[in-house]
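The values are calculated or read from the model by the stated rules, or taken from the named source; none is laboratory data. If you're wondering where the values come from, they're calculated on a predicted model, not measured in any experiment. Don't worry about glycine lacking a Cβ; one is built from the backbone with ideal geometry, like all the others, and counts go over all protein chains shown. Accessible surface areas use protein heavy atoms only, side chains included; no ligands, DNA or RNA. Shrake-Rupley method; radii C 1.70, N 1.55, O 1.52, S 1.80 Å.
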Amino acid sequence: MKKRKKYAAVLLLSWALGICPAQAAEDLELYARSAVLMDGSSGRILYGKEEAQPMPMASTTKIMTCILALEEAGGLEGAAKTVCAASAQAASQPQVKLGMQPGETFYLSDLLYSLMLESHNDTAVCIGETLAGSVEGFAEKMNEKAREIGCEDTYYITPNGLDASDREGIHHTTAEDLALVMRYCLALSPEAEDFVRVTSAPSYTFTDVQGSRSFSCSNHNAFLNMMEGALSGKTGYTADAGYCYVGALKRDDTLLIVSLLACGWPGNKGYKWIDTRKLMEYGLEHYRMVNITEGELSLPDVIVRDGQQETVKLTAQIPAVRMLMKEGERVQRTLRLKSTVKAPLSRGQEMGQLLYLVEGVPYAGAMVTADESVGAYDYSFCLERIVEEFCL
């Protein structure tokens, strides 16, 4: 016997808004082998090039290390009370490094600037070991958070992003996943404000806990001074990954995120800035913010079988969802309803689903429910009606 479907009979209704055909994807002739331009408000990919191809990501890894550290500590305020002790393993990391010595102690809040402005590899290991007991333990936390964010092909082995491999594979991500992690850091994490504060700082000076040595950091994210609204970002480079970058720009209600993987090797260090500007300008020029769920919506009544009335009215609590759209792209509303329902039913009972799709991809939805209760046309109801008629 065939498995019974949830909706044995359904009514499908669709409305198309902005029915002009969508424009074909353009070739922006990027240097990066893999790239994404993402709408930070919705997570929608506005432009992609080999965006699902897994690749090493070098020190762009550190955005995950930073946001995890902020969340574990409860923001910069909590991080200022967390002491990190450098192990021999941390101190032995290759350049670029802070130069910490085994046993030396630092406040976590200070190390976050070392991590994100100068990209120090020993700092990343020290943070991971402090918060999880080991590099391996911290990598597990990184991979768990990646799954929560929705990354589909990301695997962390180290907190600093140096090329690495184990029995599960190589340290890698995709341009799409990297953009998703940055979106989380900027728009979804409870510590997003502190993440921006750290990553946008032009410079930072601190000492070890004892005050024996002082350190100065300068921000190497040149994009912060390239375009109006530049918000955050992280560079990276290893021999396997090449030059990588993930960054963000915010103007008014528009948040754009760019991620680049394998964007040149030595001799082509500036390619990532050329690609970043090109993608950001493309997004600003071609996309505008639209509330895809606005507009009048008339829901049909649904037939009630064996009910005290023939139909039931419907309602839906539709959230306001805003996203960037290009001229000519379509928003489609699709309503999936039960064609009939058997009484009795209660007000608020699920009757179907309303979906909002952009170019065929769902981005918003709402449950459709009964707007009233309907009793069954049963013996008790019939008897009650007979009594009423007799009395009248």
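Can you find even one residue in the range 313-324 that is farther than 27 Å from residue 27 by Cβ and open to solvent by less than 10 Å² (accessible area, probe 1.4 Å)? Even if it seems obvious, please write down each step before you answer.
Going through the range 313-324, the residues farther than 27 Å from residue 27 by Cβ turn out to be 313-322.
After this cut, where a residue has to be open to solvent by less than 10 Å² (accessible area, probe 1.4 Å) as well, the list is none.
The answer is no; no qualifying residue exists.
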*If you take the residues of the range 255-269 that are more than 19 Å from residue 55 (Cα to Cα) and touching a strand residue (DSSP E or B) at 6+ places or on another chain (Cβ under 9 Å), which of them is surrounded by the fewest Cβ atoms within 10 Å (Cβ to Cβ)?*
255
*asked:* Given the options 119, 87, 109, 114, name the one that is small (Gly, Ala, Ser), at positive phi and touching a helix residue (DSSP H, G or I) at 6+ places or on another chain (Cβ under 6 Å).
replied: 119
*Regarding residue 274, is this residue touching a residue at least 40 places away in the same chain (Cβ under 8 Å), surrounded by 15 or more Cβ atoms within 10 Å (Cβ to Cβ) and either farther than 15 Å from residue 230 by Cα or in contact with a helix residue (DSSP H, G or I) (Cβ under 7 Å, 6 or more places away or on another chain) (or both)?*
no
_Residue tally, condition free of Cβ contacts under 8 Å to residues at least 40 places away in the same chain, open to solvent by 20 Å² or more (accessible area, probe 1.4 Å) and either in contact with an Asp or Glu (Cβ under 6 Å, 6 or more places away or on another chain) or within 21 Å of residue 217 (Cα to Cα) (or both), over the range 101-145_ = 2
*Go through the residues of the range 304-313 one by one and say whether even a single one is hydroxyl-bearing (Ser, Thr, Tyr), in contact with an Asp or Glu (Cβ under 6 Å, 6 or more places away or on another chain) and at pLDDT below 90.*
no
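Take residues that are open to solvent by 20 Å² or more (accessible area, probe 1.4 Å) and in contact with a Leu (Cβ under 9 Å, 6 or more places away or on another chain) and tell me which of the strands (runs of 3 or more DSSP E) falling wholly in the range 19-100 contain 2 or more. Please lay out each step first, then the result.
Numbers: elements: 34-39, 45-49, 83-85.
So the answer is 45-49.
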_Kindly evaluate residue 71 against the criterion of being touching a strand residue (DSSP E or B) at 6+ places or on another chain (Cβ under 6 Å) and touching a residue at least 24 places away in the same chain (Cβ under 8 Å)._
no
_Flag if residue 295 is touching a Phe, Trp or Tyr at 6+ places or on another chain (Cβ under 8 Å) and touching a residue at least 12 places away in the same chain (Cβ under 8 Å)_ = no
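Need a quick list: strands (runs of 3 or more DSSP E) entirely within the range 201-283 having at least 1 residues that are at pLDDT 95 or above and under 22 Å from the mean Cα position of the chain (by Cα).
The qualifying strands (runs of 3 or more DSSP E) are 230-238, 242-251, 254-261.
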_Between 240, 252, which is surrounded by fewer than 18 Cβ atoms within 10 Å (Cβ to Cβ) and touching a helix residue (DSSP H, G or I) at 6+ places or on another chain (Cβ under 9 Å)?_
240
*Taking the range 222-241 on its own, how many of its residues are of a type outside the set (Phe, Trp, Tyr) and in contact (Cβ under 8 Å) with a residue 60 or more places away in the chain?*
7
*Selection count, the range 172-229, where residues are in contact with a Ser or Thr (Cβ under 8 Å, 6 or more places away or on another chain), of a type in the set (Gly, Ala, Ser) and surrounded by fewer than 23 Cβ atoms within 10 Å (Cβ to Cβ)*: 6
*Check 373, 339, 346, 380 and return the single one that is of a type in the set (Gly, Ala, Ser), open to solvent by 60 Å² or more (accessible area, probe 1.4 Å) and modelled with pLDDT under 90.*
380
_Contacts under 7 angstrom Cβ, first residue in the range 85-100 being in contact (Cβ under 8 Å) with a residue 60 or more places away in the chain, partner open to solvent by 70 Å² or more (accessible area, probe 1.4 Å), 6 or more apart_ = none
*Among residues of the range 301-322, those that are in contact (Cβ under 8 Å) with a residue 60 or more places away in the chain and in a loop (DSSP other than H, G, I, E, B), counted*: 4
*Please work out if residue 113 is of a type in the set (Ser, Thr, Tyr), farther than 30 Å from residue 50 by Cα and in contact with a strand residue (DSSP E or B) (Cβ under 8 Å, 6 or more places away or on another chain).*
yes
